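Shown next, in structure tokens, is the structure this report addresses.
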Amino acid sequence: MNAFWALLIRDMRIALRAGGGALIGAVFFLIVVVTVPFAVGPDLKLLGRIGPAVLWLGALLASLLALDRLFAADHEDGSLDILMTGELPLELTILAKAVAHWLTTGVPLLFVAPLLGLMLDIDPAAMGPLLAALSVGTPALTFIGLVGAALSVSLRRGGLLLAVIVLPLTIPILVFGVSASDLASAARAGFGPAFTILCALSLASLVLGPFAAAAALRHGLD
Amino acid sequence: MRLTAHDLACLRGGRQVFAGVSFALAGGDIMLVTGPNGAGKSSLLRIVAGLLRPASGRLLLEGGTKDASIAEQAHYVGHQDALKPTLSVAENLAFWTTFLGGGGEVMSALAVFDLAPLARLPAAYLSAGQRRRLSLARLAAIKRPIWLLDEPMSALDQASQARLVELMRRHRDRGGLAIVAAHGPIGLAPAHELRLGPT
């Protein structure tokens, strides 16, 4: 297990140092969410209603942004070759990279989200469910994106392919994430069902993602 | 330990790079792989390292650690140095030492290639030769019985070449195996020589 922690810590260190991907995601999230009120206009009621959806869209796009570098960077500098000669099973190697990616791009979003929620005039009572849904949903975004990142690693310009492969798969996360975060729809159906389905989707991607990504990497041996 | 290859063939992009490559290496053997550009020297090393699938043929390792694949017992040093520019020299090597699980001493491995004074420098500031030396320091830090070196001498100055030759000699004397792809002499008399491509 030492190898697992070593890889996790290495990836987090790289992401947090200058030029790393951690800040890019958070800043992108900030930009998306901050520009929406300017585009929509100063209608607080409208902003409050679309607020959770805007936060979710921002989180989705921000996590996609850093994903295409997840394996590509290691592929380009030859690290991926050495990672594959390690004794750690490839699935766990990938899990370590994914966890590091979520800790450096997903978790910062959770800290910024309450502040941005104020900016979008989201009902303070809705912030709790929204944060719960985001903290369950963002790992799912990472682990689904993982598969696309592995598929596109040996292709040039994999970034476009990544978006095309990954975005349709993230739609369920978006649908149930937003309906768990939104007070109006939660009042109709209750917070429980949507949040439970979101948890199920997240757990499924947590289990399937590393295996699918490992299969994709092995198949792409080249 | 004994590494045998039987009738290996390699296809890249539908084109046959080589076919019918066989060799048998015992512990303490060094094999030199030569051939013109594009003859498949790197591809052969990648096949042995498990990073490329052979189009046909078999690789077999007798002896060595049980339940471990050839790749898990091999050091592969390719053209790329597998270094992260934002990590320091010592951090780069320390990561590989922990990840590959040799448990070796990082500072003394750095000293083998005279990199100890640069330990705290980010790898981004290294020259091509220094990057190569840091990549080769993996060989000293982590004990693995099979070495797969792809043109290890490139970019090295004479002093570093001598250090590498000394390291390979010690590896050989300990009963290790090595397959070295190179264009010129490697400073040691190889037990076998494999020539790829048209002769």
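The values are calculated or read from the model by the stated rules, or taken from the named source; none is laboratory data. Please read all numbers here as calculations on a predicted model, not as lab measurements. Cβ coordinates were reconstructed from backbone atoms using ideal geometry, including for glycine residues, and neighbour counts include every protein chain displayed.
Some observations on this one:
- Residue within segment B:108-120 that is among the aromatic types (F, W, Y) and more than 22 Å from A:M1 (Cβ to Cβ) present: yes
- Residue match in segment A:75-82 (condition: modelled with pLDDT of 85 or more and in a loop (DSSP other than H, G, I, E, B)): yes
- Qualifying positions in segment B:74-100 - under 18 Å from the mean Cα position of the chain (by Cα), surrounded by 20 or more Cβ atoms within 10 Å (Cβ to Cβ) and more than 7 Å from chain A (Cβ to nearest Cβ): B:H75, B:V77, B:N92, B:L93, B:T97
- Some residue of segment B:159-169 being touching a residue at least 12 places away in the same chain (Cβ under 8 Å) and within 17 Å of B:L3 (Cα to Cα): no
- Qualifying residue in segment B:114-126 (condition: in a loop (DSSP other than H, G, I, E, B), in contact with a helix residue (DSSP H, G or I) (Cβ under 7 Å, 6 or more places away or on another chain), within 14 Å of chain A (Cβ to nearest Cβ) and under 18 Å from B:Q80 (Cβ atoms)): yes
- Some residue of segment B:136-150 being charged (D, E, K, R), touching a Ser or Thr at 6+ places or on another chain (Cβ under 6 Å) and closer than 23 Å to B:L51 by Cα: yes
- Residue in segment A:28-42 that is within 14 Å of chain B (Cβ to nearest Cβ) and not in a helix (DSSP H, G or I) present: no
Yes/no per residue for (1) more than 11 Å from chain A (Cβ to nearest Cβ); (2) among the polar types (S, T, N, Q); (3) surrounded by 19 or more Cβ atoms within 10 Å (Cβ to Cβ):
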| position | (1), (2), (3) |
| --- | --- |
| B:Q16 | yes, yes, no |
| B:A19 | yes, no, no |
| B:K41 | yes, no, yes |
| B:L44 | yes, no, yes |
| B:G50 | no, no, yes |
| B:R53 | no, no, no |
| B:L59 | yes, no, no |
| B:E62 | yes, no, no |
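- Test: residue in segment A:89-101 that is within 9 Å of chain B (Cβ to nearest Cβ), part of a helix (DSSP H, G or I) and modelled with pLDDT of 85 or more: yes
- A:A59 in contact (Cβ under 8 Å) with a residue 60 or more places away in the chain, within 14 Å of chain B (Cβ to nearest Cβ) and crowded, with 18+ Cβ neighbours inside 10 Å: no
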